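The values are calculated or read from the model by the stated rules, or taken from the named source; none is laboratory data. All of these numbers come straight from a predicted model, not from anything done at the bench. Every residue, glycine as well, gets a Cβ built from its backbone with ideal geometry; the counts of neighbours run over all protein chains shown.
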Amino acid sequence: MLNIVLFGPPGAGKGTQANLLIERYGLLHLSTGDILRREIANKTQLGLEAKKIMDEGSLVPDEVVIGMIESKIELNLFCNGFIFDGFPRTKAQAVALDNLLKIKGTCISVMLSLKVQDEELIRRLISRGKDSGRSDDQDEEIIANRINEYNNKTAPLKQYYSFHEKFQEIEGVGSINDISHRLNKVIDSL
Ligand code: ADP
């Protein structure tokens, strides 16, 4: 299996690039943000609880997102591989993911980390907020909190994947096409 962690701060372009990667490599896209937003739209108990946290720009508890990913992996074991988008976001999530994949006889192939400066992220998120309808993209304070959460809890995962020799950093500024070529080049050389 080809299992990719697509990594980077909010607004780095993970969703856009994930869509191109799933087409090219026939992968299954697992975005915890999308799964949570579906729960909110369906007004489930989990959705109701997650909404409050997401509206502040904080992280949903580890056990919630780990449980969601576990059931998705379980249901899709016979695909070419997974692209994890927005997950893992903490060390506990990364360790849980490694364990889950190990039990299934597979592992993470690579972490592709998109690098974009904070000022550019804020600009992109504000502009996305104008037409996405995502409430967490429409308030500068919430955006700042998401970037803070990323810097404090999520960015340290770069060291975790580096230690396991899975970390690859990709310049995330440029045209969608250029960035996509950069990602493909790394994957094709694995
Ligand atoms: P972005 O990367 O633009 O912040 P996401 O759709 O990945 O967008 O995430 C939106 C929100 O969903 C996050 O701010 C957080 O509250 C919640 N969330 C998504 N994935 C996770 C995760 N793996 N762990 C904890 N919270 C998560």
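Filtering ARG89, ARG37 for residues that are surrounded by 20 or more Cβ atoms within 10 Å (Cβ to Cβ), of a type in the set (Lys, Arg) and either in contact (Cβ under 8 Å) with a residue 24 or more places away in the chain or near the ligand (Cβ under 10 Å from one of its atoms) (or both) leaves a single hit, ARG89. Of the helices (runs of 4 or more DSSP H) lying entirely inside the range 78-174, those containing at least 3 residues that are closer than 22 Å to MET54 by Cα span 91-103, 118-132, 140-149. Of all residues in the range 57-81, those satisfying the criterion of being more than 14 Å from the ligand (Cβ to nearest atom) and in contact (Cβ under 8 Å) with a residue 60 or more places away in the chain are CYS79, ASN80, GLY81. When the residues of the range 122-137 are narrowed to those that are closer than 18 Å to GLU56 by Cβ, within 11 Å of the ligand (Cβ to nearest atom) and in contact with an Asp or Glu (Cβ under 8 Å, 6 or more places away or on another chain), which ends up modelled with the lowest pLDDT? Residue satisfying both the conditions and the ranking: SER135.
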